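All remarks here apply to the structure that follows.
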Amino acid sequence: MFDSNIIMKLIYPILSYYFLTSIPFAQDYIQNPETKIHHSKFIIQNHFSLSFTQSLYLNTNLPNLENQNGKYFPKGYGVFSSLLLQYRSRHFSLTAEPMILDRRQYDISIPHKENEFSVLNDVPLLDIYKQNRFRNTGLKLHFYGISAGFGNWDQWWGPGIHNSLSLSNNAQGFYHYYIGTDGNQSGGKYVDFSFKYLVSRPMQNLKGDDYFLSAWFLKAKYKFLELGLNRNVVSGGYSDLPWDQQDVLTVLIDQNNIKYWDTINTYYILGNFEESGLKVFLEIGFPNRSYAGRDPEGYSDHAMGSNLGLRKQGAFGSDNLLFGFEYTRLVQGIYYNILPTPNWYDNIKYNYSSYKGRRWAAHSGADSDDFLVFMGYKDEQKSFIYGLNYERHGVTYHFPPEVKFESRINASYSSGNTTVHLVYENEYFEHYGFVDTNHNVWYETFEPGSLQRTQTLLISLEHTLSF
């Protein structure tokens, strides 16, 4: 339920900090073409709009597709139908997206994955995880450049389009309170900034204990250069340690019981050279865990993660040709059994940083790396992008690690207020479920279930009416 007292408790400490220091935090940096819902629609030019989306999917084997607001595509076929309603006035906006699902699902027999690898996108969801039938639903208040609200909108933070170290739309949107700037704000003649302070509603781990995500985000832009900072705290999860929504609201400020919680700090720098159509970025992050009373800050650099990428619009003499790459590395340090080395997203108390069976950050997950290269054509009406993706799971955890190789096509065509979007992926796995050993590698053999092949097709039709 929406509680105005929660919003007031958020507003007071944040506004006090903001007006005393004039240092902002951050709002979402959303720039991910892989999601079905285009976030530009949330910038409402008219007071009221309706967007109807009909999606058909076919999948031949493993669950597939990432960064789809938590939509689940198991073996079989199905239809998703949704209606996104948006209303905005001067001081508030309201959004709601009811969804209907009709799916025919088939059982598959595959090796079982455990622990931090059990919430990867290629793992069938447990029956306890239900799809939210209302997506992107909530209320936002706007006042003198400040915005506050409550809802379950899908989100993205960071300069990447394939992975984010802290917050992506890979999982279903979770309900949360927030306060921040209402879009980008001017901090002077040359600097624009945005900030956001976010606190989730309780999520439950497999033991039934509540856990929470708290985060602040800061983005500042000076000419062609953009800087971003973020701090996440995942708290709760202990049945014998009292912890509730009131505590979560201020844990980023008062650091209450911080030694018990998991934290992630991320930083990015993005160079946007508009004249040449080139964007280059580097995002780095540091996870922290507690170690039997030792100061976790002393070990944070043992598991630094990174996301490096480049995107170029306008190539080979054509303004409409594009290419790029993105490489995410979250491999656990090789000396993890000698020195305290925090791993990414591996705490069972927080369901391995997941919500309803899918991670809310980098979909490649703990102890992984992920390389995407792509090229294609894009103009104002149509696009066609082809990509190759190489991804490994359990790089330090097991030899050989899981290896996934995937080719993908992403195409769209728009006419007026109507858009057709197609996604096709052809996926090949080796060593799935870590069933192979070094013996298999040396003799080039594979245990049953090691090799997995999946083809997935998603076609979406979207039409928007504005009033």
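Just so it is clear, none of the values below were taken in a lab; they were calculated from the coordinates. The structure presented is a predicted model; accordingly, all values stated were derived computationally and were not measured. Cβ: placed from backbone, ideal geometry, glycine included. Neighbour counts: every protein chain shown.
Pulled fully out, how much extra length does the chain show between residue 439 and residue 313, if you take 0.36 nm times their separation in residues and subtract their Cα-Cα distance?
Result: 40.8 nm gained on full extension.
Net charge within 12 Å of residue 152 by Cβ-Cβ distance, Lys/Arg positive one each and Asp/Glu negative one each, not counting residue 152 itself?
That sum, taken over residues with Cβ under 12 Å, equals +2.
Using just the helices of the chain, give the 222 nm mean residue ellipticity in deg cm²/dmol: DSSP H runs with n ≥ 4 each add -39,500 (n - 2.57), and the total is spread over all residues, rounded to 500.
Theoretical 222 nm ellipticity from helices: -2000 deg cm²/dmol.
Sequence gap at least 6, Cα distance under 8 Å: using those rules, report the relative contact order of the chain to the nearest whole percent.
In percent, rounded to a whole number, it is 15.
Among the listed pairs 71/356; 223/382; 71/113; 140/196; 71/207, which have their C-alpha atoms separated by more than 22 angstrom in this model?
Violating the 22 Å Cα-Cα cut-off are 223/382; 71/207.
Excluding residue 208 itself, what net charge comes from residues whose Cβ is under 14 Å from its Cβ, given Lys and Arg +1 and Asp and Glu -1?
-1
For residue 184 paired with residue 390, estimate the spin-label separation in nm (one decimal), with each label point 7 Å from Cα along the Cα-to-Cβ line.
3.5 nm
Which shape class, rounded, prolate or oblate, goes with the range 378-466 when its Cα gyration tensor gives a ≥ b ≥ c as root eigenvalues, a/c under 1.5 marks rounded, and past that a/b bigger than b/c marks prolate?
Prolate shape, in that a/c is at least 1.5 and a/b is the bigger ratio.
Where nothing but the Cβ of Lys and Arg (+1) and of Asp and Glu (-1) is charged, how large is the charge dipole of the chain around its Cα centre, in debye to the nearest 20?
Roughly 1220 debye for the chain.
Looking at the range 40-126, which trypsin sites (Lys or Arg not before Pro) are in a loop (DSSP not H, G, I, E or B) and have at most 13 other Cβ atoms within 10 Å?
The qualifying sites are 90.
Please order 396, 445, 454 by the number of other Cβ within 10 Å, starting at the fewest.
445, 396, 454
Which label marks the calculated value of P(r) over Cα pairs in 20 Å bins from 0, in percent, given the options [x] 27, 60, 14, 0; [y] 23, 60, 16, 0; [z] 24, 51, 15, 6, 4, 1?
The listed entry that was calculated here is [y].
What is the distance, in nm, between label points placed 7 Å from the Cα along the Cα-to-Cβ direction at residue 428 and at residue 134?
Modelled inter-label distance: 4.6 nm.
Can you give the local net charge around residue 428? Use residues other than it whose beta-carbon is closer than 14 angstrom to its beta-carbon, Lys and Arg +1, Asp and Glu -1.
For residues surrounding residue 428, the net value is -3.
Tabulate in residue order the Karplus-calculated ³J(HN,Hα) for the range 282-288, using 6.51 cos²θ - 1.76 cosθ + 1.60 with θ = phi - 60°, rounded to whole Hz; enter x for Gly and Pro.
Working through the residues one at a time gives 9, 10, 10, x, 9, x, 10 Hz.
How do 244, 182, 127 rank when sorted from fewest to most other Cβ atoms within 10 Å of their own Cβ?
The order, fewest Cβ neighbours first, is 127, 244, 182.
Which order do the peptides 223-230, 167-174 come out in when sorted by mean C-beta neighbours inside 10 angstrom, highest first?
167-174, 223-230
What spacing in nm lies between the two simple spin-label points modelled at residue 348 and residue 52, each 7 Å away from Cα in the Cβ direction?
4.9 nm
Run through the range 146-217 and list the trypsin sites (Lys or Arg not before Pro) located in a DSSP loop whose Cβ has at most 11 other Cβ atoms within 10 Å.
189, 207
Counting other C-beta atoms within 10 Å, which of 194, 412, 186 has the fewest, and how do the rest follow?
Going from least to most buried by this count: 186, 412, 194.
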